[in-house]
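A.B. asks: Structure provided below as structure tokens; questions to follow.
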Amino acid sequence: MIIVSASDDNFVPGLLNLLYSTLFHNKDAEFYIIDAGLSAASIDLIARFSSRNNIRSQILLADKSHLASLPKNPYWTSAMYARLLIPQLLPQHDRAIYVDADATVISDLSELWSMPLDGNLLAGVLDGSVHQSELDHVKIGNDRYINSGVLVFDLAQWRKENTAQKVVEYLLANTELIFPDQSAINAVVQGRVKFLDRRWNFFSWDYKAIPGIIPAIVHYTGNNKPWQKRRAPLAAIYEAYRKLSGSDFPRPRDLPEFTKARRTVVGLLSLRPKHWKIVYYTARARSQFTTPHVREIMARASQGNESPREPRTASD
């Protein structure tokens, strides 16, 4: 099973968690990490972490000058384009699962790995949260536009049809896109996409959909990064794997924002439905998903003599 991700220094804590959580549920997984802005210190950290946890990982050097030439916006770095390089960087493979570095895998991915693509260029999950103006620009409906955080690539077909170059050409001709790589991929491959169930790319902020949907991959999109915010939605899932892996990155120590906390307390005391619903959905997700899953993986780790590991220092 070939798993590919990409990272710069900002996403290393999430990347380590992705590597460990994926291997926890998929012992045959092999990882390729596209270096889209990693420092020497980060590369060394990833290598030590992989060795310590018996993770088969390899770092691939991206053409940073090529990535830098693509359109920018204030919210994203050139690392977002790294997935376009996968067909070129992995000529020996005909299929790969791409997962963003801010995701945690909590399930067996064999179904995703072995599923037929039926002649499609890739498989992905509908996004459902993109602005209408962006959808209008790429001429795709909300019911056809996928999120690029989890993708199953038919690499052989991408190379055969030169799809990556077509995406690049679209990007250069449409520099005002809000989600450049994602929208360009959607525009170029539309009609050649296999749609996946939401559980394969479950946005953490949508925890109210639990337990109707039980995630297989939790994607911490937007500003809700659990290595930055202790109280990010579904952060307990990330934290459980972080503890087991012995990650060098400690749990964040951010304190509650006073203004936000006061507003929440006032809202609860005044019986405002908005605030009580948040409490209800949070408690429901915790009791019916987060807590049972954490207990399960801790028990499995204990049975496999994989007790939580203490983080190691650079001198270890």
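A.B. asks: Mean residue ellipticity at 222 nm from the helices of the chain, using -39,500 (n - 2.57) per DSSP H segment of n ≥ 4 over the full residue count, to the nearest 500 deg cm²/dmol?
C.D. replies: Rounded to the nearest 500, the figure is -11500 deg cm²/dmol.
A.B. asks: Accessible area per residue for the chain in Å², computed with a 1.4 Å probe and the full protein assembly in place, what is it?
C.D. replies: About 48 Å² of surface per residue is accessible.
A.B. asks: Could you work out the longest stretch of the chain that avoids the GluC sites (Glu not before Pro) located in DSSP loops with at most 14 other Cβ atoms within 10 Å?
C.D. replies: Longest stretch, sites excluded: 1-175.
A.B. asks: List the residues, sorted by chain then number, that are 5 or more residues from Phe203 or on another chain and whose placed amide H is less than 5 Å from its amide H.
C.D. replies: His219
A.B. asks: Could you work out the relative contact order of segment 48-179? I mean the mean sequence separation of Cα pairs under 8 Å and 6+ apart, divided by the number of residues, in percent.
C.D. replies: Relative contact order here is 31 percent.
A.B. asks: Output the antiparallel fraction of DSSP beta bridges having both residues in the chain, as a percent to the nearest 5.
C.D. replies: 40
A.B. asks: Grab the Cα-Cα distance for Glu296 and Lys139, subtract it from 0.36 nm times how many residues apart they are, and report the gain in nm with one decimal.
C.D. replies: 52.1 nm
A.B. asks: Beyond a 24 Å Cα-Cα separation, which of these cross-linked pairs lie in this structure: Lys160/Lys194; Lys27/Lys229; Lys225/Lys277; Lys166/Lys194?
C.D. replies: Lys27/Lys229
A.B. asks: Could you run the Karplus curve 6.51 cos²θ - 1.76 cosθ + 1.60 with θ = phi - 60° over segment 156-161 and give me ³J(HN,Hα) per residue in whole Hz, x for Gly and Pro?
C.D. replies: Karplus values, whole Hz, x for Gly and Pro: 4, 6, 4, 5, 4, 9.
A.B. asks: Normalised by the number of residues in the chain, what is the relative contact order in percent for Cα pairs under 8 Å and 6+ residues apart?
C.D. replies: It comes to 17 percent, rounded to a whole number.
A.B. asks: Here is a follow-up. When DSSP assigns beta bridges and you keep just the ones with both residues in segment 111-206, what percent turn out antiparallel, to the nearest 5?
C.D. replies: If we restrict to bridges inside segment 111-206, about 55 percent are antiparallel.
A.B. asks: Using a 1.4 Å probe on the protein chains only, how many percent of the accessible area of segment 11-168 belongs to carbon and sulfur?
C.D. replies: 52
A.B. asks: Between Arg284 and Arg230, what is the FRET efficiency for a Förster distance of 30 Å, r being their Cβ-Cβ separation, to the nearest 0.05?
C.D. replies: That pair, Arg284 with Arg230, gives E of 0.90.
A.B. asks: Assuming a viscosity of 1.002 mPa s and a temperature of 20 °C, what translational diffusion coefficient in µm² per second does Stokes-Einstein assign to the chain, Rh being the Kirkwood radius over Cα pairs?
C.D. replies: 104
A.B. asks: Sticking with this structure for a sec: Rounded to the nearest 5, what is the percent of antiparallel bridges among the DSSP beta bridges in segment 1-132?
C.D. replies: So the antiparallel bridges in segment 1-132 amount to around 5 percent.
A.B. asks: Mind listing the phi-derived Karplus ³J(HN,Hα) values for segment 170-180, rounded to whole Hz, using 6.51, -1.76 and 1.60 with θ = phi - 60°, and x for any glycine or proline?
C.D. replies: Values per residue, Gly and Pro as x: 5, 4, 5, 8, 9, 7, 9, 5, 6, 10, x Hz.
A.B. asks: Moving to a separate point now. What residues have an amide H closer than 5 Å to that of Ile59, excluding those fewer than 5 places away on the same chain, when H is modeled at 1.01 Å from N in the peptide plane?
C.D. replies: Long-range HN contacts for Ile59: Ile33.
A.B. asks: Among Leu151, Thr282, Ile140, which residue has its Cα positioned farthest towards the positive end of the charge dipole of the chain, with +1 placed on the Cβ of Lys and Arg, -1 on the Cβ of Asp and Glu, and the dipole taken about the Cα centre?
C.D. replies: Thr282
A.B. asks: Given labels modelled 7 Å from the Cα in the Cβ direction, how far is it in nm from Ala68 to Lys160?
C.D. replies: The answer from the label model is 3.7 nm.
A.B. asks: Also: At most 10 other C-beta atoms within 10 Å and a DSSP loop state: those are the exposed trypsin sites (Lys or Arg not before Pro) I care about. Give me the longest piece of the chain that has none.
C.D. replies: Here the longest segment lacking exposed loop sites spans 140-252.
A.B. asks: Each residue of segment 240-246 in turn: what ³J(HN,Hα) in whole Hz from Karplus with 6.51, -1.76, 1.60 and θ = phi - 60°, glycine and Pro shown as x?
C.D. replies: Coupling constants for segment 240-246: 4, 5, 4, 4, 4, 7, x Hz.
A.B. asks: Under the rule of at least 5 residues apart or a separate chain, name every residue whose amide H is placed under 5 Å from the amide H of Lys194.
C.D. replies: It is Leu122, Ala123, Gly124, by chain and number.
The values are calculated or read from the model by the stated rules, or taken from the named source; none is laboratory data. None of the values given here were measured: they were computed from a predicted structure. Every residue, glycine as well, gets a Cβ built from its backbone with ideal geometry; the counts of neighbours run over all protein chains shown. Only protein heavy atoms, including side chains, enter the accessible area calculation; ligands, DNA and RNA are left aside. Shrake-Rupley method; radii C 1.70, N 1.55, O 1.52, S 1.80 Å.
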